[in-house]
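A.B. asks: Structure below; questions to follow.
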Amino acid sequence: MRFLVPAFAMVLAASAAYAEEDLPTLLSEDGISDVKIGMKQDALERALHEKVLFNAYANGGCVAFTTKKLEAAGLGLLMFQKQLARVSVEYYSADTHPLAIKTAAGIGLGSSEEDVLKAYPGAKVKPNPADPSWHTVIWETADHSKGIVFETDGKKVKSMRAGLNPFIATPDGCS
């Protein structure tokens, strides 16, 4: 599944690439490295070291987007009411950085579904609505407010998204 970018989401990105050591690599229900769920735009820009512009009033205030630098690193973001609600990790470019992004339990793109279930006891496996041969593995915090979703082809993790419920529940996040 590809990360969807709504046509009305306006994004401004600088063209310089991140240095490998500047790229975030630790994904959790709280965000990715220094990029934290709940951040407002100004704090997000400081953490990313780049400007991000988007239409915060489109789609009821729910906007999924990426930037040139983030996309190359396999990262997408979702803002809701001007706060970061979700981080998505996908592998859709030639850059190998997305493969370096892992959870604290060591789970990342390419990990086995079995390893996800061992690392995240209590995670639920559901058929993916877009393709029943794929699975959606959902791990949530005890209060169900946050979590991490691992999309698998039934064997290996193909994408991940982390952050607030209900924004992690669906691939596009704003449904």
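The values are calculated or read from the model by the stated rules, or taken from the named source; none is laboratory data. None of these values were measured; they are calculated from a predicted model. All Cβ positions, glycine included, derive from the backbone under ideal geometry; neighbour counts span all protein chains shown.
A.B. asks: Residue under question is Ser145, and the condition is that it be in contact with a strand residue (DSSP E or B) (Cβ under 7 Å, 6 or more places away or on another chain), surrounded by 16 or more Cβ atoms within 10 Å (Cβ to Cβ) and hydroxyl-bearing (Ser, Thr, Tyr); does it hold?
C.D. replies: no
A.B. asks: Residue pairs, Cβ under 8 Å, 6 or more apart or interchain, first in region 41-52 and farther than 15 Å from Lys82 by Cα, second in a loop (DSSP other than H, G, I, E, B) and among the hydrophobic types (A, V, I, L, M, F, W, C). List them.
C.D. replies: As it stands, the answer is Ala47/Met39; Glu50/Ala13; Glu50/Ala14, since those pairs meet every condition given.
A.B. asks: If you go through region 119-139 one residue at a time, do you hit one that is surrounded by fewer than 18 Cβ atoms within 10 Å (Cβ to Cβ), under 14 Å from Leu27 (Cα atoms) and at pLDDT below 95?
C.D. replies: Scanning region 119-139 turns up no residue that is surrounded by fewer than 18 Cβ atoms within 10 Å (Cβ to Cβ), under 14 Å from Leu27 (Cα atoms) and at pLDDT below 95.
A.B. asks: Hey, among the residues in region 148-159 that are in contact with a strand residue (DSSP E or B) (Cβ under 7 Å, 6 or more places away or on another chain) and outside any strand (DSSP E or B), which one's surrounded by the most Cβ atoms within 10 Å (Cβ to Cβ)?
C.D. replies: Gly154
A.B. asks: Name the single residue that is farthest from the chain's Cα centre (by Cα) among those in region 68-96 being of a type outside the set (Asp, Glu) and farther than 30 Å from Ala58 by Cα.
C.D. replies: Only one residue fits best here, namely Ala94.
A.B. asks: Consider Lys68 carefully, then state whether it is modelled with pLDDT under 95, under 21 Å from Ala43 (Cα atoms) and in contact with a strand residue (DSSP E or B) (Cβ under 8 Å, 6 or more places away or on another chain).
C.D. replies: no
A.B. asks: Regarding region 121-134, can at least one residue be identified that is among the hydroxyl-bearing types (Ser, Thr, Tyr) and part of a strand (DSSP E or B)?
C.D. replies: no
A.B. asks: Please work out which residue is nearest to the chain's Cα centre (by Cα), limiting yourself to region 140-161 and to residues that are within 23 Å of Thr25 (Cβ to Cβ) and of a type in the set (Gly, Ala, Ser).
C.D. replies: So, considering only residues that are within 23 Å of Thr25 (Cβ to Cβ) and of a type in the set (Gly, Ala, Ser), the one nearest to the chain's Cα centre (by Cα) is Ser159.
A.B. asks: Quick one: would you say Lys146 is touching a helix residue (DSSP H, G or I) at 6+ places or on another chain (Cβ under 7 Å), among the basic types (Lys, Arg) and modelled with pLDDT of 95 or more?
C.D. replies: Judged against the criteria, Lys146 is not a match.
A.B. asks: Another question, if that's okay. Give me the pairs, please: first residue somewhere in region 142-153 and touching a residue at least 60 places away in the same chain (Cβ under 8 Å), second residue anywhere and loosely packed, with under 13 Cβ neighbours inside 10 Å and not aliphatic (A, V, I, L, M), beta-carbon distance under 9 Å, and either six or more positions apart or on two chains.
C.D. replies: Close Cβ pairs (under 9 Å, with a partner that is loosely packed, with under 13 Cβ neighbours inside 10 Å and not aliphatic (A, V, I, L, M)) amount to Gly147/Thr141.
A.B. asks: Pull up region 151-173, narrow it to residues that are touching a Lys or Arg at 6+ places or on another chain (Cβ under 8 Å) and among the small types (Gly, Ala, Ser), then point me to the one that is modelled with the lowest pLDDT.
C.D. replies: Checked region 151-173; the qualifying residue modelled with the lowest pLDDT is Gly173.
A.B. asks: Additional query: Right, Leu99: in a strand (DSSP E or B) and within 14 Å of the chain's Cα centre (by Cα) or not?
C.D. replies: no
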